[in-house]
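The values are calculated or read from the model by the stated rules, or taken from the named source; none is laboratory data. It should be emphasised that the depicted structure is a prediction, and the values quoted were computed from it without experimental measurement. Note that we place each Cβ from the backbone using ideal geometry, even for glycine, and neighbour counts take in every protein chain shown.
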């Protein structure tokens, strides 16, 4: 959402008008959307529209900059299944990285280096160049919009050390780049941008569930959406569509994301026959509270907390004899998963382990980790001074998504070339530009949102003029979506939505989580295939059209399924370990050269034989069959004189 | 009069009120008819009166019961405050000084962190001290 708001800003006054052409619609003539300025919102206005889809809006899109406000304005509609300020961005409490240089001398090229290294050289360096170069300007712009960053004594934005940021290309020590707003940066960002976007004449279509993209001849001509309030179906015709629907954490049993993180954008793009990129890269955190999904800080283990299995054994001693519980996150996650797989998990399903803190003096806990007893009581229902906290590896972020170029335009890959999909853009967690590559650095995702949301808007502004006529749309566009909707609404199989969803989540958690090996993944692919097929037998109970949440949950489940099958099949196919995708049977990175040795004398591996490439996955929605292709990583920055590209090397911290 | 019977009277009155309202007239039209409005008003006040009376009777009844208990116990203790349910009203009577606030909520003077001199920053200990962004034991970002 933040990204969407940013786009609106740049496009200036966004008049949104939706052409309500419901194919199956109730005879209500009620105005179903609200317009800030109380416009009539009649469907006849057919100026070009930017329809921004946002299920999850992460703060991202910059609002319109004032110099641009005098420029011609575009009609814009924001179609969202949640109220804009309820998007999951609001939960992002960390900071934003930007090389402002307020605490020490800093250079965005060092930030560029850190991000490229963090992505394990799977990130597209032109997009990373664009993001890190624009970062200071973006943060200053946000601050000018009224976002209350914390300040130093001199009044400049206070920056702190965080997330693998270094100075002088890794050689100058820790960099202080993370700007924040007390402890609610994402919340503040979302509200700032939303507030700014209200200055413009954007029409918000809140609680409209976007069903599908309207594609014609490979061009995106709009969106078809279901109004949840009264069940009417609306087709939004637009010249440009921006997707900012967030991630798909809910495919896994344990995740930190909201229940609404269902990867709707990725699924819409998949159903349109376009690829999704790098979906196998999912970022996990070892200690997430079982059931609730909140993460417990590593500081717990740092202060002496230990992980124990069903036998009461401190199992980390076996996996990491020296570091024990202070081993790196991926080692801890994998150890936990192996213990659970081998049957030493705790609980009735034996599917998690315990984090024990009650052996530490309560005073120490209260002084070093204030608030943890409250957290444990609220989310886990345990008294941390008496009982251990149930934890398991938890999904936090999806690095993959809809492939875009550095301008935010969605791309597809044909005959070895990247082709822009006209009329379609993506940004935020839903898009994959790709700046995070195989692993995301902390505090970079909010930056990603802001910069690429703005980039989408700038690209749209420079390639379009307001008042352009829309190309005609076939009268039966969106029929398939409506057919699907009807089918689900009257589904009368034997399995409930919630059961199928739980099956999928458990399968993904057991087979496609942190611990990945060939057999486990293959078994997972087969199980996911059968879960996908069980969708044919789904049963829904609510036959109404007004606020039919059963219907919406089933649509979300369809979207989750498409994401899940692509994730697990891509993971099974990728036979290496890179960033967040770590396999036990292929522990090393497989690049075109072996970068741990001198390059001289090495033969470059052909494209088919190495893995430093993006996965592009397609799904046939009827059968659930996934096809994979691969695309080159972009290794050159936007301007070699300005910022030299970083050649691949072994990643070690 | 027992509570049950007082409520049945209330119910009867309410049904009268509804009957008046439902006389084929919409609510706004009811407002436009002062006479009907006053009838509604009268009904409501009567109903309220009955309800209050019912409750009053109820509390008297309970009080008698309680005193009887104490008398039989022997020593008359100081009346302890009744434990009220955690209704919104009950909460107002709770001791304000209890609970709340742990260190994390304590504001710095002038909102300036004395060690780092950060103004408007996160309260409590430095969130990034363990390498991830920590708040109240939760990891927010890493």
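Among the residues of segment A:302-313, which ones are closer than 22 Å to residue A:365 by Cβ and surrounded by fewer than 14 Cβ atoms within 10 Å (Cβ to Cβ)? Write out each step before concluding.
At the first step, the residues of segment A:302-313 found to be closer than 22 Å to residue A:365 by Cβ are A:302-308, A:312.
Listed by number, the list holds a single entry, A:312.
Kindly check whether there is at least one residue in segment A:386-398 that is surrounded by fewer than 19 Cβ atoms within 10 Å (Cβ to Cβ) and in a loop (DSSP other than H, G, I, E, B).
yes
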Residue that is nearest to residue A:98 (Cα to Cα), among those in segment A:166-180 that are assigned to a loop (DSSP other than H, G, I, E, B) and free of Cβ contacts under 8 Å to residues at least 60 places away in the same chain:
A:173
Any idea which of (1) under 31 Å from the mean Cα position of the chain (by Cα); (2) surrounded by 16 or more Cβ atoms within 10 Å (Cβ to Cβ) is the one residue A:349 doesn't satisfy?
(2)
Scanning for something in a loop (DSSP other than H, G, I, E, B), under 13 Å from the mean Cα position of the chain (by Cα) and at pLDDT below 95, does segment A:447-454 turn up at least one residue?
no
If you go through segment A:180-191 one residue at a time, do you hit one that is surrounded by 22 or more Cβ atoms within 10 Å (Cβ to Cβ) and more than 14 Å from chain B (Cβ to nearest Cβ)?
yes
Where residue A:514 falls short, out of the listed (1) surrounded by 13 or more Cβ atoms within 10 Å (Cβ to Cβ); (2) part of a helix (DSSP H, G or I):
(2)
Please give the number of the condition residue A:608 fails out of (1) without any contact (Cβ under 8 Å) to a residue 40 or more places away in the chain; (2) assigned to a loop (DSSP other than H, G, I, E, B).
(2)
Name, by its number, the condition in (1) touching a helix residue (DSSP H, G or I) at 6+ places or on another chain (Cβ under 8 Å); (2) in contact (Cβ under 8 Å) with a residue 60 or more places away in the chain; (3) crowded, with 19+ Cβ neighbours inside 10 Å; (4) assigned to a helix (DSSP H, G or I) that does not hold for residue A:569.
(2)
Answer yes if at least one residue in segment A:187-198 is in contact with a strand residue (DSSP E or B) (Cβ under 9 Å, 6 or more places away or on another chain) and in a strand (DSSP E or B), and no otherwise.
no
Unmet criterion (only one of (1) within 25 Å of residue A:425 (Cβ to Cβ); (2) touching a helix residue (DSSP H, G or I) at 6+ places or on another chain (Cβ under 8 Å)) for residue A:470:
(2)
Return the residue satisfying two criteria in turn: it lies in segment A:155-165 and is in contact (Cβ under 8 Å) with a residue 24 or more places away in the chain and not in a strand (DSSP E or B), and of such residues it is nearest to the chain's Cα centre (by Cα).
A:158
Residue hits (segment A:326-377; within 13 Å of chain B (Cβ to nearest Cβ), in contact (Cβ under 8 Å) with a residue 12 or more places away in the chain and under 24 Å from residue A:253 (Cα atoms)) are A:329, A:330, A:332, A:333, A:355, A:372, A:375, A:376
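How many residues are part of a loop (DSSP other than H, G, I, E, B) and within 8 Å of another protein chain (Cβ to nearest Cβ) if we restrict to segment A:145-154?
Residues flagged as part of a loop (DSSP other than H, G, I, E, B) and within 8 Å of another protein chain (Cβ to nearest Cβ) within segment A:145-154 amount to 5.
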Only one of these conditions is not met by residue A:154: (1) modelled with pLDDT of 95 or more; (2) over 21 Å from residue A:441 (Cα atoms). Which number is it?
(1)
Candidate set from segment A:68-102 (those that are within 14 Å of chain B (Cβ to nearest Cβ) and within 19 Å of residue A:134 (Cα to Cα)); member that is surrounded by the fewest Cβ atoms within 10 Å (Cβ to Cβ)
A:102
Check segment A:136-144 and report whether any residue there is within 14 Å of chain B (Cβ to nearest Cβ), touching a residue at least 12 places away in the same chain (Cβ under 8 Å), within 20 Å of the chain's Cα centre (by Cα) and not in a loop (DSSP other than H, G, I, E, B).
no
Residues located in segment A:622-653, provided they are buried (at least 17 other Cβ atoms within 10 Å of the Cβ) and within 30 Å of residue A:483 (Cβ to Cβ):
A:624, A:626
How many residues of segment A:283-322 are more than 14 Å from chain B (Cβ to nearest Cβ) and either touching a residue at least 60 places away in the same chain (Cβ under 8 Å) or not in a strand (DSSP E or B) (or both)? The answer is 18
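With A:604, A:575, A:539 as the choices, which residue is within 26 Å of the chain's Cα centre (by Cα) and surrounded by fewer than 19 Cβ atoms within 10 Å (Cβ to Cβ)?
From the options A:604, A:575, A:539, the qualifying one is A:575.
For segment A:517-526, enumerate the residues that are over 15 Å from residue A:563 (Cα atoms) and either without any contact (Cβ under 8 Å) to a residue 40 or more places away in the chain or in contact with a helix residue (DSSP H, G or I) (Cβ under 9 Å, 6 or more places away or on another chain) (or both).
Matches in segment A:517-526: A:518, A:519, A:520, A:521, A:522, A:523, A:526.
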Given the criteria at pLDDT below 95 and assigned to a helix (DSSP H, G or I), does residue A:480 qualify?
yes
